[in-house]
1. Suppose we keep only residues that are in a helix (DSSP H, G or I) and free of Cβ contacts under 8 Å to residues at least 40 places away in the same chain within region 105-129. Which one would you say is farthest from Glu23 (Cα to Cα)?
2. Determine which single condition Glu38 fails, assuming it passes every other condition in (1) assigned to a helix (DSSP H, G or I); (2) in contact (Cβ under 8 Å) with a residue 60 or more places away in the chain; (3) not polar (S, T, N, Q).
3. Does Ala16 qualify as being of a type in the set (Gly, Ala, Ser) and surrounded by 14 or more Cβ atoms within 10 Å (Cβ to Cβ)?
4. Filtering region 111-128 down to residues that are surrounded by fewer than 19 Cβ atoms within 10 Å (Cβ to Cβ) and not charged (D, E, K, R), which residue is modelled with the lowest pLDDT?
5. Pick from Glu144, Glu127: which is in the same structural domain as Val11 (by TED's automatic domain parsing) and under 13 Å from the mean Cα position of the chain (by Cα)?
6. Can you confirm whether Leu102 is at pLDDT 95 or above, assigned to a helix (DSSP H, G or I), in the same structural domain as Arg12 (by TED's automatic domain parsing) and surrounded by 15 or more Cβ atoms within 10 Å (Cβ to Cβ)?
7. Please go through region 78-93 and pick out each residue that is assigned to a helix (DSSP H, G or I) and either among the polar types (S, T, N, Q) or under 14 Å from Asn30 (Cα atoms) (or both).
8. Look at Ile62 and say whether it is in a helix (DSSP H, G or I), touching a strand residue (DSSP E or B) at 6+ places or on another chain (Cβ under 8 Å) and without any contact (Cβ under 8 Å) to a residue 40 or more places away in the chain.
Amino acid sequence: MTEENALRIYVRNECAIFRKTTEEFGGLSNMAPGYPLEVNSIKIRSAEALYQACRFPDYPDIQMQIIDQRSPMTAKMITRPHLEKTRHDWFQERIRIMQWCLRVKLLQNYCSFSNLLRMTGEKSIVEDSRKDEFWGAKANSKGELVGANVLGRLLMELRSHLLEFNEDPPKELPPPSIVDFNLFGEPVLPVLANLTPQTRVVQGRLG
């Protein structure tokens, strides 16, 4: 994704907007419950917890604290005392890491999350944020939403990618090619769709 910092203007009633997880498109939020993940046989409650854990590949204890939280917001807050331990290339790699987290969410919650993405039609997807104009967009005096909306744009990219699958979604997602991409001291392995052992067969890739 190029020019990720460029601000864009969105007309609210022409977009699929999410802020609260209880809203129509609230499931698009990384904070949304009901989209469990599993990476390296580790169960993770939300995309937010996975994303935040990826900040600290050299600190399994911090990753464990993040993943142990029941609330995605609490998982995010756990990072604050440890920000000086964030991986050195975080700001260069965080978009690719977020992209991967969203693809894990789709792969392992395919029916519910793909249906939600399809419900947005061809509308721009926008995170309506009170203060974050990088991942989301903020309302201006005209009621428009202004921001880089990187999360919304990654979701739109994922929606376009989804249309390529038709009815045959991939069963495996490789990790991004990022140095020291670790979880609990081990390199992140390819993520499998949530299938029963009898049907867990690698038939394709999402990447």
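1. Cys111
2. For Glu38, the exception is condition (1).
3. For Ala16, the condition - of a type in the set (Gly, Ala, Ser) and surrounded by 14 or more Cβ atoms within 10 Å (Cβ to Cβ) - is met.
4. As a first pass, look at region 111-128 and keep what is surrounded by fewer than 19 Cβ atoms within 10 Å (Cβ to Cβ): 111-112, 114-115, 118-119, 121-123.
Narrowing further to those that are not charged (D, E, K, R): 111-112, 114-115, 119, 121.
Numbers: Cys111: 92, Ser112: 95, Ser114: 95, Asn115: 95, Met119: 97, Gly121: 96.
So, considering only residues that are surrounded by fewer than 19 Cβ atoms within 10 Å (Cβ to Cβ) and not charged (D, E, K, R), the one modelled with the lowest pLDDT is Cys111.
5. On the way: Glu144 fails: under 13 Å from the mean Cα position of the chain (by Cα).
The unique qualifying residue is Glu127.
6. In short, no.
7. From region 78-93, those assigned to a helix (DSSP H, G or I) are 80-85, 90-93; that's our starting set.
Hit for region 78-93 is Gln92, nothing else.
8. No: the conditions fail for Ile62.
The values are calculated or read from the model by the stated rules, or taken from the named source; none is laboratory data. None of these values were measured; they are calculated from a predicted model. A quick note on method: Cβ atoms are made from the backbone with ideal geometry, for glycine too, and the neighbour counts reach across all protein chains shown.
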